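Before any comments, here is the structure.
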Amino acid sequence: MEYRRLGHTDIKVSAICLGTMTFGEQNTEDDAHTQLDYAVEAGVNFIDTAEMYPVPPKGDTYGRTEEYIGSWLRSRGHRSRIILASKVAGSARDLSYLRHGQVRLDRVNIEAALDGSLKRLRTDYIDLYQLHWPDRKTNFFGQLGYQHDPADDPVPIEETLQVLGDLVRAGKVRHIGLSNETPWGAMRFLQAAKELNLPRPVTVQNPYSLLNRSFEIGMAEIAHREGLGLMAYSPLGFGVLSGKYLGGKQPAAARLTLYTRFQRYRGRRGQLATEAYVSLARSQGLDPAQMALAYVAARPFVTSVIIGATTLEQLASNIKSLDLGLSPIVSSGIEEIHQENPNPCP
Ligand SMILES: NC(=O)c1ccc[n+]([C@@H]2O[C@H](COP(=O)([O-])OP(=O)(O)OC[C@H]3O[C@@H](n4cnc5c(N)ncnc54)[C@H](OP(=O)(O)O)[C@@H]3O)[C@@H](O)[C@H]2O)c1
């Protein structure tokens, strides 16, 4: 396993982070524990979760993923070996079951969310506490164009940071991170942290894959210049980049077969790009999913690739992708496809 520095901290995290949002929905508690054991055995020390998981989010499963991780931490006694990342939900549109539907990144919400997460995770601290998505209205979750809403009245970034600063001082949180952020938001957080002597975000968790390299446009420079490493989520575009949905296939028990509402990686341009990436991988004797993950891991602004798996076979293969070096033929083939059809699934 390869380890990389978490922002400006002295913490080393594995270049593969275990994503957990299937735990409690597609994966049982036993599956979750088996995956966690396997990943740790393979050298993974970085685990990503969120108060809101599993996905798709629902009132009756809210918090279940953290509970499964908590029961694993309790039974294995691994807490000090793990860099545990969780998230507080951002301003919520459709989480009516959560905090009376009044979800904001303010003191009342963040403190309640963190206390709930600590309880479920059966720990007294979280290594990396992330803001799952911004409080303000902006473009994330697949929206490319920014549309300004003059009536938007977000919680000020300074206020959110102040609360996080208090939680760091209280020892409940070691470091903070952003997620689904834009360049404007990332820079505003960094600037406010500096001016107010408050904790500086160490990571940003945004989508990044062969089907969505929009991070390179405005965020990659920030990642490099400000030491705000990317935790790349959905590196396989929900599994699409494995090629298993090509030709109209609907594999049993697979995410996009089960949940038809997930359309982000399903458009026509996405399908064309996927065909091209899959055929490039196969022409070079590579597994398409491993090629896609190896590509993400090799980007210099990436701290860790957050992989997701619903079977142990997927997990083993995905972790092994780190051993794959991409040849000049593969690398230039990827660039050609990207130039031809850039960011088909933002
Ligand atoms: N911050 C955010 O807003 C946000 C958003 C999304 C995700 N995340 C984080 O990122 C993690 C990973 O995201 P993701 O699950 O969307 O990642 P992904 O890599 O795009 O998709 C993972 C899914 O693809 C399928 N798959 C995985 N490996 C495969 C393989 N080798 N061959 C074929 N199919 C394979 C599996 O689903 P099936 O078996 O069902 O096909 C698996 O659950 C999440 O668990 C979460 O921690 C964060």
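The values are calculated or read from the model by the stated rules, or taken from the named source; none is laboratory data. From a predicted model like this one, the values you see are computed outputs, not experimental measurements. For neighbour counting, all protein chains shown are included, and Cβ atoms are generated from backbone atoms with ideal geometry for every residue, glycine included. Areas reflect the complete protein model, heavy atoms only, side chains present, ligands, DNA and RNA absent. Shrake-Rupley method; radii C 1.70, N 1.55, O 1.52, S 1.80 Å.
Values computed for the structure shown
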read-out	value
Residue count, the range 238-250 (criterion: within 25 Å of Thr28 (Cβ to Cβ) and surrounded by 13 or more Cβ atoms within 10 Å (Cβ to Cβ))	6
Condition met for Lys137 (more than 15 Å from the ligand (Cβ to nearest atom) and either basic (Lys, Arg) or assigned to a strand (DSSP E or B) (or both))	yes
Residue ID - farthest from Cys345 (Cα to Cα), chosen from residues in the range 275-306 that are touching a Ser or Thr at 6+ places or on another chain (Cβ under 9 Å) and of a type in the set (Val, Ile, Thr)	Thr303
So Arg174, is it within 23 Å of the chain's Cα centre (by Cα), among the charged types (D, E, K, R) and not in a strand (DSSP E or B)	no
From Tyr53, Tyr97, Tyr68, residue being aromatic (Phe, Trp, Tyr), in a loop (DSSP other than H, G, I, E, B) and crowded, with 20+ Cβ neighbours inside 10 Å	Tyr53
Pick from the range 297-332, criterion of a type in the set (Val, Ile, Thr) and under 27 Å from Ser86 (Cα atoms), ranking: farthest from the chain's Cα centre (by Cα)	Thr311
Some residue of the range 71-83 being part of a strand (DSSP E or B) and modelled with pLDDT of 95 or more	yes
Filtered residues of the range 253-305 (kept if modelled with pLDDT of 95 or more, hydroxyl-bearing (Ser, Thr, Tyr) and crowded, with 19+ Cβ neighbours inside 10 Å)	Thr274, Tyr277, Tyr295, Thr303, Ser304
Selection count where residues are buried (at least 18 other Cβ atoms within 10 Å of the Cβ) and part of a loop (DSSP other than H, G, I, E, B), scope the range 116-134	4
Residue check, Lys58 part of a strand (DSSP E or B) and either within 15 Å of the ligand (Cβ to nearest atom) or open to solvent by 10 Å² or more (accessible area, probe 1.4 Å) (or both)	no
Considering residues of the range 314-339 that are charged (D, E, K, R) and away from the ligand (no atom under 13 Å from the Cβ) only, the residue least open to solvent (accessible area, probe 1.4 Å)	Glu335
Helices (runs of 4 or more DSSP H) (entirely within the range 216-313) containing at least 3 residues that are more than 8 Å from the ligand (Cβ to nearest atom)	220-226, 268-283, 288-298
Answer residue from the range 16-31, given it is open to solvent by less than 40 Å² (accessible area, probe 1.4 Å) and more than 6 Å from the ligand (Cβ to nearest atom) and is farthest from Asp60 (Cα to Cα) among those	Ile16
Near pairs, Cβ below 6 angstrom, 6+ apart or cross-chain, from the range 292-319 (over 19 Å from Thr22 (Cα atoms) and small (Gly, Ala, Ser)) to any residue that is within 12 Å of the ligand (Cβ to nearest atom) and not in a strand (DSSP E or B)	Ala292/Leu210; Ala292/Leu236; Ala292/Leu241; Ala294/Ser321
Every residue from the range 324-333 that is assigned to a helix (DSSP H, G or I) and out of contact with any helix residue (DSSP H, G or I) (no Cβ under 6 Å at 6 or more places or on another chain)	Pro328, Ile329, Val330, Ser331, Ser332
